[in-house]
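*Asks:* Quick one: this structure, given as structure tokens, is what I'll be asking you about.
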Amino acid sequence: MQVRWNFKLIPNQEQTAKIDRWLVTLRKHRNYALRERKQGWDNNNKGVAVEIGIGSVYAWGSYCDLETQVEFGVCYPLTCPVQRHGVIPSELGMMVKNSKGETVWDSAGGIQSKVTTLLRSYREDFKQIDSDVLQRNLANLDTAYSNYWKHGRGFPRFLKVLNSFEYKPKRVKLVSFTGNYGVAYLPGIGKVKFHNSRDLSIVAETRTCTIKRRGKFYYISILVDISESLPEEKIPSSVMGIDVGINRLVALSDGSFIENKEITTNLSTARRLAMRQRAASRKKKDSKNKSKAYSRLANQQHKLSLKRDGYNWQAATKIVKTADSVAREGLNIPNMVKRAKPKHDGKGGYKRNGVAAKSGLNKRILDCGWGELFQKIAWLAAKAGKPVFAVNPRHTSQECPKCNHTEKGNRDGEKFVCRACGYAEHADTGASRKITKRGGLSFPPNQRRLPADCGKVTPRKISTPLWVESRNLNLSGREF
């Protein structure tokens with residue numbers, strides 16, 4: 001079974017400086033390759049030349065020979081390397097042979113990969129970086145182009161900051177691991193110590209490895225093959241329905257709640273983040289003070305993300321341990337956090353569309369981390385052999401569980417009162433129970449039931465023991 005494990009690195013000063021230099025060079029390398037492809041497409045290679053030390057070569061981007069109308073490439077136009085002029089230095093060896101033995105043009109990534117190999121021969125900053133890291137950097141750019149054409153995602157953008165790089169499979173070696181620490185060998189960087197919280201003795205083989213920079217901290221993410229396997233899913237006898245929200249993070253179908261900590265949207269933290277953001281943006285461009293200010297801001301954001309991540313793990317553990325299966329809402333979170341669309345008033349202006357309120361709601365949703373919470377629940381349930389299924393969330397908080405009357409006015413904030421039959425309960429709890437009902441199973445057995453949803457429990461009579469003198473006495477000696 002393949003799993004991805006994350007560890008916190010403990011690099012020395014020399015290794016830290018080397019990683020930072022690599023990230024700067026890799027960012028420039030990616031942006032240069034992206035500009036080369038984009039400029040070749042925009043200008044159709046007219047008068048575009050790039051000096052590489054052994055001659056001039058045109059940028060890649062056009063898609064066919066205009067005279068013969070033959071398409072040489074096998075990719076889409078933006079990623080195809082064929083040049084209309086046909087001028088390529090023979091020393092580069094840009095031509096490859098296909099399965100039929102015909103000499104054809106290489107792909108854009110293949111051509112830029114060969115150019116990168118040549119750059120390592122006379123550029124010291126490229127020579128210091130491991131060759132596999134440079135190849136993976138171009139492969140990630142190819143993936144971005146593929147996502148743009150095949151999956152309708154955004155066009156690859158130029159990066160201002162690059163905070164990660166990858167190694168190919170089997171390149172990173174786990175040298176030793178004792179107690180709470182381990183040592184990993186990173187090609188080009190050396191042996192780096194890391195905090196260990198796993199049983200690394202069960203690792204059969206290391207696959208891809210990613211080095212990440214988060215604020216002033218560094219992490220290693222390794223995809224490993226382990227000897228263990230996930231258990232088979234059991235036939236569930238009970239289900240726990242959950243309803244996520246922003247006032248309360250999760251409402252469970254047994255009547256309990258998991259509170260929302262508001263990691264970044266509470267008043268003090270949001271104010272501090274806004275102040276540091278303004279302070280960083282006002283600093284002089286390309287100055288050391290500006291980089292220090294953004295470094296402080298990144299460190300604070302990273303600590304807040306760790307706090308959210310830890311709290312969501314605790315919430316997911318509580319949910320999975322409650323029943324034999326979990327039913328959740330099948331939410332489309334990316335669509336839920338889109339900004340409000342502008343509305344034209346027909347007079348050259350725009351109507352009010354509640355964009356400020358929608359922006360605040362989007363921040364609250366993103367602060368909760370619903371998607372990460374669902375992923376954690378799915379992983380913990382898979383390790384426990386418990387199924388997790390998503391149900392249709394439509395009208396779960398507006399439909400009456402007693403008479404099935406659906407109306408928007410049934411819910412008012414956290415209160416649910418059916419306008420048809422008068423049934424009343426907590427809105428989030430009712431929604432979680434509706435999700436459970438749609439899951440097709442019953443509530444978890446032998447669960448403690450609360451006296452009432454959000455009901456106040458007060459004693460009928462307050463009495464004092466005989467040996468305790470009551471202080472609520474009037475002059476006649478009788479109690480009030």
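The values are calculated or read from the model by the stated rules, or taken from the named source; none is laboratory data. Keep in mind that this is a model prediction, so the values were computed, not measured. Positions of Cβ are backbone-derived with ideal geometry, glycine not excepted, and every protein chain shown enters the neighbour counts. Surface areas here come from the heavy atoms of the whole protein model, side chains and all, with no ligands, DNA or RNA. Shrake-Rupley method; radii C 1.70, N 1.55, O 1.52, S 1.80 Å.
*Asks:* Can you tally the net charge around V391? Count Lys and Arg as +1, Asp and Glu as -1, for every other residue whose Cβ sits under 14 Å from the Cβ of V391. Display every interim value, and only then the final one.
*Replies:* Details: positive: R328, R394, R433, K434, K437, R438; negative: D243, E329, E399.
Within the 14 Å Cβ shell, the charges total +3.
*Asks:* For R214, what residues show an amide H to amide H distance below 5 Å, using hydrogens built from the backbone and excluding near sequence neighbours?
*Replies:* Amide H neighbours of R214, under 5 Å, 5+ apart: Y219.
*Asks:* Once the Cα atoms of segment 114-207 are picked out, what are the Rg and Dmax in Å?
*Replies:* Here Rg and the maximum Cα pair distance are 17.0, 48 Å.
*Asks:* Can you tally the net charge around S201? Count Lys and Arg as +1, Asp and Glu as -1, for every other residue whose Cβ sits under 14 Å from the Cβ of S201. It would help to have the intermediate numbers written out before the result.
*Replies:* On the way: positive: R198; negative: D199, E205, D225, E228.
Net charge around S201: -3.
*Asks:* May I ask which of K283/K307; K160/K376; K18/K160 have a Cα-Cα span longer than 26 Å here? Show your work: numbers first, answer last.
*Replies:* Details: K283/K307 29 Å; K160/K376 31 Å; K18/K160 19 Å.
Result: K283/K307; K160/K376 exceed 26 Å.
*Asks:* With only Lys, Arg, Asp and Glu charged, each at its Cβ (+1 for the first two, -1 for the last two), find how big the charge dipole of segment 225-331 is about the Cα centre; round to the nearest 20 debye. It would help to have the intermediate numbers written out before the result.
*Replies:* Numbers: 21 positive and 12 negative charges, 367 e Å.
Here segment 225-331 has a charge dipole of around 1760 debye.
*Asks:* Write down the accessible area per residue of segment 271-398 in Å², having rolled a 1.4 Å probe over the full set of protein chains.
*Replies:* Values: 8150 Å² over 128 residues.
Spelled out: the 1.4 Å probe surface of segment 271-398, per residue, equals 64 Å².
*Asks:* Could I ask something else about it? Taking 4 °C and 1.567 mPa s as the conditions, I'd like the Stokes-Einstein D for segment 221-263 in µm²/s, using the Kirkwood hydrodynamic radius from alpha carbon pairs.
*Replies:* Working: Rh = 14.0 Å.
The Stokes-Einstein estimate is 93 µm²/s.
*Asks:* So which GluC sites (Glu not before Pro) in segment 219-268 are both in a DSSP loop and have at most 13 other Cβ atoms within 10 Å of their Cβ? Walk me through the numbers on the way to the answer.
*Replies:* Details: sites: E228, E232, E233, E259, E262; in loops: E228, E232, E233, E262.
Taking segment 219-268 and a limit of 13 other Cβ atoms within 10 Å, the loop GluC sites (Glu not before Pro) found are E228, E232.
*Asks:* A follow-up question, please. What does the charge count near R296 come to, summing +1 for each Lys or Arg and -1 for each Asp or Glu among other residues with Cβ under 10 Å from its Cβ? It would help to have the intermediate numbers written out before the result.
*Replies:* On the way: positive: K216, R276, K292; negative: none.
Around R296, the surrounding residues sum to +3.
*Asks:* Have a look at Y423, T406, A378 and report the one farthest towards the positive end of the charge dipole of segment 371-444, computed about the Cα centre with Cβ charges (Lys/Arg +1, Asp/Glu -1).
*Replies:* So the residue furthest toward the plus end is A378.
*Asks:* So which lysines can K100 reach, going by Cα to Cα under 26 Å and dropping same-chain residues fewer than 8 places off?
*Replies:* K100 reaches K114.
*Asks:* So, in segment 181-267, how many Lys pairs have Cα atoms under 30 Å apart, if the pair is 8 or more places apart or on different chains? Write down the numbers at each step before the final one.
*Replies:* On the way: K191/K212; K191/K216; K193/K212; K193/K216; K212/K261; K216/K261.
Here the count comes out as 6.
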